[in-house]
């Protein structure tokens, strides 16, 4: 059991630094109402995100758009029927997630008829998941918060009246924090059977043999009581988190490209494409803090004294770690159709290169801590997302929108975990824009997100530290999720 807690803490960092969170699509209240389409549409300053080329089609000199989204997700977990639980599914355990609030701000300026320059700020990745301290998967995750930010200066140019190109630099950074229990029931049982029970048997044999007398007998009896007390304490706290760690890290700035083109084939039809490059978010110096129950701390200290050379509590909070988190490449193809003056329909097809998440390496900067590098296999797959939306300009004062999208999960059932219980998502959206004046719009939208299936069954393998060929546990169960998304925005053109 040497370095037991050190190993578990390192594994927690690996999964936490990796956690993808949800890919946030809410970069516009208008487009949230249309199912997140927009690559082949002329959205003025909001095209800075959806397709930089389209900003050159802006008809006003200045355009400003800003907004915020509230995402409230609910996830439940239920363990699978097994022989250990008499083939009955476990009780439903639900997350208690706080509200996620991605935001966006865009500004676009047209100094000439063909040229446009703009700035955008948005949050393309982020999530908040809170399962609580003592749920059955606390050794995988208790709480995680993940946010990334992007600042994008953008230039667009109309090659001719119907064709434009554009590009922007994505300057991104972010942060995360993760809390995780470090002593799972499986590990506690391993500690009991691998260390405590053998010592109890050995001490009982020595005491019962009659060969120990005086001080030696008293010392053996006291040691036996310590091991028996440790066993009783561990057994009585199987459903409690007695040792946990909170990992926090800030990612260094990464730079990528968002580029695209827009072609007005006719007055009715437009096509567009965008490319967003992969970003490597590097955490150079993450930090950890430990939270240990006082009785557990006392127990660990005693076990350390009784087992020389066994390091149960490392100086984890005295060191720093580094890791690299890839944010995937995306390519979007799109078409929009305007059958009448008041109507516009659009379809987007997005490819996301999630295969960048094949594995993650995590290392401690202070080698004297003796922590081996963590190689965590993920095996994510590339995905497609299909989006459809429509808008109808009923009057100069009101525009109504609706849409839907299907977004494939990149996670196989063999690697499904509660940090990001990914599922193929099916979402339905609706929105409304109000124009109190010619120069201003107020945008509202709602999106309901659910899984393609009522629930998804999956598992997550846990391997012995330093011996990835030795499987120690498979955390399996059924997951259900849904989310309610509300967006509000305001825009000005002049």
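What follows draws every value from the coordinates through simple rules; no lab data is involved. This structure is a prediction, so every number in the text was calculated from the model and none was measured. Glycine gets a Cβ as well: all are built from the backbone with ideal geometry, and neighbour counts include every protein chain shown.
Between residue 74 and residue 413, what is the spin-label point distance in nm, taking each point 7 Å from the Cα along the Cα→C-beta axis?
2.6 nm
Please give the Cα centre distance for segment 220-248 versus segment 123-151, rounded to the nearest Å.
Rounded to whole Å, the Cα centres lie 27 Å apart.
With a cut-off of 8 Å between alpha carbons and a minimum separation of six or more residues, what is the relative contact order of segment 51-177 in percent? Mind dumping the intermediate values first?
On the way: 286 pairs, mean separation 33.0, N = 127.
In percent, rounded to a whole number, it is 26.
Can you tell me the 0 to 90 degree angle between the C-alpha axis of helix 294-306 and the longest principal axis of the chain, rounded to 10?
Relative to the chain, helix 294-306 is tipped by roughly 50 degrees.
Which value in nm describes the separation of the simple spin-label points at residue 211 and residue 384, placed 7 Å from the Cα toward the beta carbon?
7.3 nm
Round to the nearest 0.05 the FRET efficiency obtained for residue 160 and residue 331 when R0 = 22 Å and r is the Cβ-Cβ distance.
Working: r = 24 Å, r/R0 = 1.10.
For R0 = 22 Å, the calculated efficiency reads 0.35.
Using the Kirkwood radius over Cα pairs, work out the Stokes-Einstein diffusion coefficient for segment 260-311 at 4 °C and 1.567 mPa s, in µm²/s as a whole number. Don't skip to the answer; put the middle values down first.
Working: Rh = 17.6 Å.
Taking Rh from Cα pairs, D becomes 74 µm²/s.
Taking only the Cα atoms of segment 364-444, how large is their convex hull per residue, in Å³? Working shown, then result.
Values: hull volume 14.8 nm³, N = 81.
Cα-based convex hull of segment 364-444, divided per residue, equals 183 Å³.
Report the Cα-based extents of segment 85-154 along its three principal axes, largest first, to the nearest Å.
Extents along the principal axes, in whole Å: 73, 21, 17.
Taking a ≥ b ≥ c as the square roots of the Cα gyration tensor eigenvalues, with a/c under 1.5 meaning rounded and otherwise prolate when a/b beats b/c, else oblate, which class fits segment 255-357?
Prolate, since a/c reaches 1.5 and a/b exceeds b/c.
At 0.36 nm per residue, and after removing the present C-alpha to C-alpha distance, how many nm does the segment from residue 438 to residue 426 gain when stretched out fully? Before the final figure, lay out the partial values.
Values: separation 12, 0.36 × 12 = 4.32 nm, distance 3.54 nm.
Gain on stretching residue 438 to residue 426: 0.8 nm.
For a paramagnetic label modelled at 7 Å from the Cα of residue 295 toward its Cβ, which residues of segment 177-210 fall within the zone defined by backbone nitrogen distances under 14 Å?
Of the residues in segment 177-210, none has backbone N under 14 Å from the label point off residue 295.
No solvent, one uniform scatterer per C-alpha: report log10 I(q)/I(0) for the chain via the Debye equation at q = 0.06, 0.12 1/Å, two decimals.
Evaluating at q = 0.06, 0.12 Å⁻¹ gives log10 I(q)/I(0) of -0.35, -1.04.
Relative to the longest principal Cα axis of the chain, at what angle does helix 197-208 sit, 0 to 90 degrees, rounded to 10?
10 degrees
Most exposed first by the Cβ proxy, i.e. fewest other Cβ within 10 Å, how do 456, 387 rank? Working shown, then result.
Working: 456 20, 387 26.
By the 10 Å Cβ count, ascending, the order reads 456, 387.
Which parts of segment 91-116 would a label at residue 490 reach, counting a residue when its backbone N lies under 19 Å from a point 7 Å out along Cα-to-Cβ?
Counting backbone N atoms under 19 Å from the label point, the list is 102-108.
Hey, any idea what the orientation-averaged projected area of the convex hull of segment 348-494's Cα atoms comes to, in nm²?
Values: hull surface 52.5 nm².
Directional mean of the projected Cα hull area for segment 348-494 stands at 13.1 nm².
For the peptides 246-255, 272-281, 331-340, 216-225, what is the packing order when you average, over each peptide's residues, the other Cβ atoms within 10 Å and list the highest mean first? Walk me through the numbers on the way to the answer.
On the way: 246-255: 18.4, 272-281: 20.6, 331-340: 16.6, 216-225: 13.5.
Put in order of decreasing packing, that is 272-281, 246-255, 331-340, 216-225.
Note down the nm distance, to one decimal, between modelled labels 7 Å out along Cα→Cβ at residue 255 and at residue 103.
So the two model labels end up 2.6 nm from each other.
Report, in degrees rounded to the nearest 10, the 0 to 90 angle that the Cα long axis of helix 4-18 makes with the longest principal axis of the chain.
Between the helix axis and the principal axis of the chain, the angle is about 10 degrees.
Can you give the relative contact order of the chain as a percent, counting alpha carbon pairs under 8 Å and 6+ residues apart? Walk me through the numbers before you get to the answer.
Values: 1354 pairs, mean separation 96.2, N = 494.
Worked out over the chain, it gives 19 percent.
Relative contact order for segment 386-479: what is it in percent, counting Cα pairs under 8 Å that are at least 6 residues apart?
Numbers: 179 pairs, mean separation 21.5, N = 94.
Contact order relative to length: 23 percent.
For segment 123-281, just run the numbers: alpha carbon Rg, then divide by 2.2 N^0.38 Å, N being how many residues it has. The partial results should precede the final answer.
Details: Rg = 30.5 Å, N = 159, 2.2 N^0.38 = 15.1 Å.
Output field value: 2.02.
Is the shape of segment 21-177 rounded, prolate or oblate, going by the alpha carbon gyration tensor and its root eigenvalues a ≥ b ≥ c, with a/c under 1.5 for rounded and a/b larger than b/c for prolate?
Working: a/c = 3.70, a/b = 2.99, b/c = 1.24.
Cα axes put segment 21-177 in the prolate bin.
Semi-axes of the equivalent ellipsoid of segment 198-323: what are they in whole Å, largest first, if each equals the square root of 5 times a C-alpha gyration tensor eigenvalue?
Details: eigenvalues 767, 54, 28 Å².
In descending order the semi-axes read 62, 16, 12 Å.
From the P(r) of segment 39-88, can you give the percent of Cα pairs sitting at distances over 14 Å? Show your work: numbers first, answer last.
Working: 826 of 1225 pairs.
The calculated P(r) of segment 39-88 puts 67 percent of pairs beyond 14 Å.
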